[in-house]
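Below is one structure, written out as structure tokens; the observations come after it.
Nothing in this text is a laboratory measurement; each read-out follows from the coordinates by a stated rule. The structure displayed is predicted, hence computed values, not measured ones. Using ideal geometry, Cβ is built from the backbone for each residue, glycine included, and neighbour counts are taken over all protein chains shown.
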Amino acid sequence: MNIGEAAAASGVTAKMIRYYEAIGLIPKAGRTDAGYRQYGPSDVDTLRFIRRARDFGMPMPRIERLIGLWLDRERPSREVKTIAMEHVRELEARIAELTAMDGALRELEDRCHGDSRPDCLILRDLGRSPGSW
């Protein structure tokens, strides 16, 4: 199948497929005599794998490690679990940070009059030096 068909089958845009190929995340595609990229079912499976990992917010180096483990039928599952749990811990930290930001902004919103007066605590707070949430 050509790149457009592979994109449709995998849910990954043609632009991203070319990017993944350029960075070595997927192998370079075979080419037709006319120079068009050709993809097979295993290529589409790999693209779907990448798409799913991206849906979980995983960074490219982590996805690359997981692809290597996915392709290695002899790998111990503990390595896969370790990688997944690293990502879970990072997500938990991001959730805590976002929760703190949400709380701080809600507090500012509660203290803003929201009327016709120009004074606004939200803008005043955003204008000060960065600090912790």
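Given region 76-133, report the % of alpha carbon pairs whose separation exceeds 17 Å. Spell out each step's value before the answer.
On the way: 949 of 1653 pairs.
Within region 76-133, distances greater than 17 Å cover 57 percent of Cα pairs.
Nearest 20 debye, what's the magnitude of the dipole of region 36-77 about its Cα centre given +1 on Lys and Arg Cβ and -1 on Asp and Glu Cβ?
Working: 9 positive and 6 negative charges, 28 e Å.
That gives region 36-77 a dipole magnitude of about 140 debye.
Rounded to the nearest whole Å³, what is the per residue volume of the convex hull around the Cα atoms of the chain? The partial results should precede the final answer.
Working: hull volume 24.0 nm³, N = 133.
Per-residue hull volume (Cα only) is 180 Å³.
Over the residues of region 52-98, compute the C-alpha Rg and express it relative to 2.2 N^0.38 Å.
Values: Rg = 11.7 Å, N = 47, 2.2 N^0.38 = 9.5 Å.
In units of the 2.2 N^0.38 Å rule of thumb, it is 1.23.
What chymotrypsin sites (Phe, Trp or Tyr not before Pro) does region 1-43 have in DSSP loop regions with at most 16 other beta carbons within 10 Å?
On the way: sites: 19, 20, 36, 39; in loops: 36, 39.
Answer in residue order: 36.
Give me 65, 73 sorted ascending by neighbouring Cβ count inside 10 Å, so fewest comes first. Don't jump to the answer; show the numbers that get you there.
Working: 65 16, 73 6.
In order of increasing Cβ crowding within 10 Å: 73, 65.
Assign unit charges at the C-beta atoms only (+1 for Lys and Arg, -1 for Asp and Glu), then state the dipole size of the chain relative to its Cα centre in Debye, rounded to the nearest 20.
Values: 22 positive and 21 negative charges, 90 e Å.
The dipole of the chain has a size of about 440 debye.
Ratio to report: Rg/Rh of region 1-59, with Cα atoms as the point set and Rh obtained by the Kirkwood method; give two decimals. Numbers along the way, then the final one.
Values: Rg = 11.0 Å, Rh = 11.4 Å.
Checking Rg against Rh, the ratio lands at 0.96.
Starting from region 72-133, pick out the GluC sites (Glu not before Pro) whose DSSP state is loop and whose Cβ has at most 16 other Cβ atoms within 10 Å.
Numbers: sites: 74, 79, 86, 90, 92, 97, 107, 109; in loops: 74.
Passing sites in region 72-133 are 74.
Give a quick list of trypsin sites (Lys or Arg not before Pro) in region 97-131 that DSSP marks as loop, anything other than H, G, I, E or B, with at most 12 other Cβ atoms within 10 Å.
Details: sites: 106, 111, 124, 128; in loops: 128.
Passing sites in region 97-131 are 128.
Taking amide hydrogens as modeled 1.01 Å from N in the peptide plane, which residues meet the under 5 Å criterion relative to residue 26, leaving out close sequence neighbours?
21
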